[in-house]
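A.B. asks: Structure in C-alpha cells, see below.
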Amino acid sequence: MTSQLGAGTWVVLPTYEEAENLPGIAAAILAALPAATLLIVDDSSPDGTGEIADRLATENPRVRVRHRPGKAGLGRAYLDGFRVALDGGATSLVQMDADWSHDPAVLPALVAPIAADRADLVIGSRYVRGGAVRDWGLGRRLISRLGSVFARTVLSVRPHDLTGGFKAWRAETLAAIPFDGVHAGGYVFQIEMTYRASRGGARIVEVPITFKDRRVGRSKMSRRIIVEALLVVVRLRWDELRGRRPWRRSR
C-alpha cells in the first residue's frame, strides 16, 4: 500500500545553513515516503535552520531532530545520524542532501531494491545509463567524474558513482561497518563508505538519477576536500595491500 511506503526507513538529512531549503525538501521527502521517518541533523546553523527543524518536528511526529554543537564535516553528521537511526530501530536508511540536488521523487526507487531483498546498498548514480548531471560547469563535471574513475580504479570496486551522496542502506549492512576511523570529508566519506561496504560483501545496485545543482546557497565543495579525497583513496588501498581490513570490526 502507498501509505506504507518507506515503513522502517529513516531518511538522514544533514543541514548547515539550509533555512531556505529545509521546509520544502522536508515536505517532499515525507510525501515521497509516507511511512518513513525524517531525521534532520543540524550542525548549529547560524541562519536558524535548527529552529525550523524543531518547528517541523512539533508539527509532524515523523520528523526527528539531532542538534550538534558545531560544524564538524558532512561525514561526521551522517555517522551521528546513522547511529541515531540504528538505535531507533531503522530497517533501512537513506542519506541525502538538503539542497534539492537529490530529488525526493527518486526515493521510492532508491529503497525498493532493499525492500525486495535485491540489494544491501543502493546508490543514486549519475554515471550509469539514464543518469545525468545538470547545471554544472565543465570543471565541476570533470572533477566529479574523474574522481569516481580514479577511486574506482585505485580501490578496484565496481560502482560507477563513488562520490555521490544519495544512497539507501540496509540497516544490517550499515551497522556492520566500523564507524571509527571513517574520514569526515564530503567526497572521501562517500567513497570510503561504499568501499567498506563493497569489501564487506554488500550487494550494491546503482539506480540512475538526474543530479541538479543546489537551488539556493553556495556549494560547500573546496580544493582542500578534493585533495583530501585523493590522498585518502590512495591510503585506503595502501593499507589494504599491507593487510589492514578497515571494513571489518576488530575482535
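A.B. asks: Mind listing whichever residues of region 160-191 are over 19 Å from A85 (Cα atoms), in contact with a strand residue (DSSP E or B) (Cβ under 8 Å, 6 or more places away or on another chain) and surrounded by fewer than 23 Cβ atoms within 10 Å (Cβ to Cβ)?
C.D. replies: Hit for region 160-191 is H160, nothing else.
A.B. asks: Could you count how many residues in region 46-70 are farther than 16 Å from P34 by Cα and either touching a Cys at 6+ places or on another chain (Cβ under 7 Å) or surrounded by fewer than 17 Cβ atoms within 10 Å (Cβ to Cβ) (or both)?
C.D. replies: 10
A.B. asks: Right, another one. For region 129-145, name all the residues that are on the phi < 0 side of the Ramachandran plot and either at pLDDT 95 or above or loosely packed, with under 12 Cβ neighbours inside 10 Å (or both).
C.D. replies: Hits for region 129-145 are R129, G131, A132, R134, G137, L138, G139, L142.
A.B. asks: Could you list all residues from region 164-183 that are in a loop (DSSP other than H, G, I, E, B) and within 12 Å of the chain's Cα centre (by Cα)?
C.D. replies: Initially, region 164-183 is screened for residues in a loop (DSSP other than H, G, I, E, B), giving 164-166, 176-183.
G164, G165, F166, listed by residue number.
A.B. asks: Determine if region 30-45 includes at least one residue that is part of a helix (DSSP H, G or I), touching a residue at least 40 places away in the same chain (Cβ under 8 Å) and touching a Pro at 6+ places or on another chain (Cβ under 9 Å).
C.D. replies: Scanning region 30-45, I find at least one residue that is part of a helix (DSSP H, G or I), touching a residue at least 40 places away in the same chain (Cβ under 8 Å) and touching a Pro at 6+ places or on another chain (Cβ under 9 Å), so the answer is yes.
A.B. asks: If you check D120, D99, which single one turns out to be at pLDDT below 95, surrounded by 17 or more Cβ atoms within 10 Å (Cβ to Cβ) and within 19 Å of the chain's Cα centre (by Cα)?
C.D. replies: D99
A.B. asks: If you don't mind, there's one more thing I want to ask. Restricting attention to region 74-94, report how many residues are out of contact with any Pro (no Cβ under 8 Å at 6 or more places or on another chain), modelled with pLDDT of 95 or more and closer than 25 Å to I226 by Cβ. Outline the logic, then answer.
C.D. replies: Narrowing region 74-94 to residues out of contact with any Pro (no Cβ under 8 Å at 6 or more places or on another chain): 75-76, 79-80, 82-94.
Restricting the remaining residues to those that are modelled with pLDDT of 95 or more gives 79-80, 82-94.
Filter once more, so that each one left must be closer than 25 Å to I226 by Cβ: 79-80, 82.
Total meeting the criteria: 3.
The values are calculated or read from the model by the stated rules, or taken from the named source; none is laboratory data. A quick note: this is a predicted structure, and the numbers were derived from the prediction, not measured. We place every Cβ from the backbone using ideal geometry, glycine too, and count neighbours over all the protein chains shown.
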